[in-house]
1. Given the whole protein assembly as supplied and a 1.4 Å probe, what does the accessible area of S164 come to in Å², nearest 10?
2. Using 0.36 nm times the number of residues separating I266 and D236, minus their current alpha carbon distance, what extension gain do you get?
3. Of A56, P123, L150, whose Cα points farthest to the positive end of the dipole of the chain (charges on the beta-carbon: +1 Lys, Arg; -1 Asp, Glu; origin at the Cα centre)?
4. By the gyration tensor of its Cα atoms, with a ≥ b ≥ c the square roots of the eigenvalues, what is the shape of the range 232-295: rounded for a/c under 1.5, prolate for a/b over b/c, or oblate?
5. Subtract the Cα-Cα distance of R110 and M1 from 0.36 nm times their separation in residues, and report this length gain in nm to one decimal.
6. Take D42, D183, D167 and sort them by solvent-accessible surface of the protein heavy atoms, 1.4 Å probe, largest at the top.
7. Translational diffusion coefficient, Stokes-Einstein: compute it for the chain using the Kirkwood radius over C-alpha pairs as Rh, at 10 °C and 1.306 mPa s, and state it as an integer in µm² s⁻¹.
8. Could you name the lysines whose alpha carbon sits less than 17 Å from that of K282, not counting residues in the same chain fewer than 8 places away?
Amino acid sequence: MTVNAVGIYEKALPTGLTWEETFDLVHELGFNFLEFSVDESDERLARLDWTERERADFRNAMWKTGSRINTLMLSGHRRFPLGSADPRVRAKALDMMAKAIDLAVDLGVRNIQMAGYDVYYEPKTESSREWFIENLRTCVEMAAKKMVMLSIETMDDPFLNSLSKVDYLKTQIHSPFLQAYPDVGNLTAWPENDVAHEIESNIDNIVAVHLKDTKPVTADFPGQFKEVPFGDGTVDFEAVLRLFNRLGYNGSYTVEMWTSKAADPIAEVKAAKAYFDGLFDKIGIVQEPILRPAA
């Protein structure tokens, strides 16, 4: 039996709430934490430039509600990739990382999840790979100085779509501050991955797990990596969770889902939580108690 924290991705929740309302809702829905998003949109990239007051207000909302952020999900590098052919874009990517590390320190976040793309909107080349690795090394050095973990997500892209590839990357950059953040949906969608072997062989590198369903890549289908209802894809969640439980994994699980198209986002999140609660009970995974603020 393992005890794990269970979180919800920020984009699963309704927009327009205050941070205090958001954190309260996270707890009401039965989650331990919120996964904070800094994606490629101008709105969320602006969080990297929050003022001292904005950071303090966010911290105060967390403390007042007894909340925490386990991971800052930095997917903004999809727009400004570390492996870009444009040196100005690469400089922007490094600046974003420096700001993300400082934001994480100010907000008490210990882990930054990185998207494992060398590039996304431009052609992949041997140079894009080399620039990515060179700049990732710089990112890890910056993060290590401030004791912040960088964890690379297994992606919907062949560049880093397995834990084995992340492990090989660690042979090029030796640091305890560079680890892996598997998305079990993305792992499952690539037919070349033996999911159980991937997890078993790389458990020592795993600091957090995304729970997401997907439909697989085939010769005539590019796969579906987002907005697949839980249970409608091909992820064997029971088997994967049994495996993590057997290996004694005590890191966090984050339910990754999007509800912007949903008529009732709250109902969809509740259904997802009930789905995983049932699996946890069946397997023997115990969720960490939800903290409440002191009276």
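The values are calculated or read from the model by the stated rules, or taken from the named source; none is laboratory data. The model shown is predicted, which means the values in this text are computed figures rather than measured ones. In this analysis, Cβ positions are derived from the backbone assuming ideal geometry, glycine residues included, and neighbour counts consider all displayed protein chains. Just so you know, the surface numbers come from the protein's heavy atoms only, side chains and all, with ligands and any DNA or RNA stripped out. Shrake-Rupley method; radii C 1.70, N 1.55, O 1.52, S 1.80 Å.
1. 60
2. 8.3 nm
3. Looking along the dipole axis, the top candidate is A56.
4. It is oblate, given that a/c is not under 1.5 and a/b is not larger than b/c.
5. My answer for the length gained is 36.7 nm.
6. The ranking, largest first, comes out as D42, D167, D183.
7. Translational diffusion coefficient: 81 µm²/s.
8. K273
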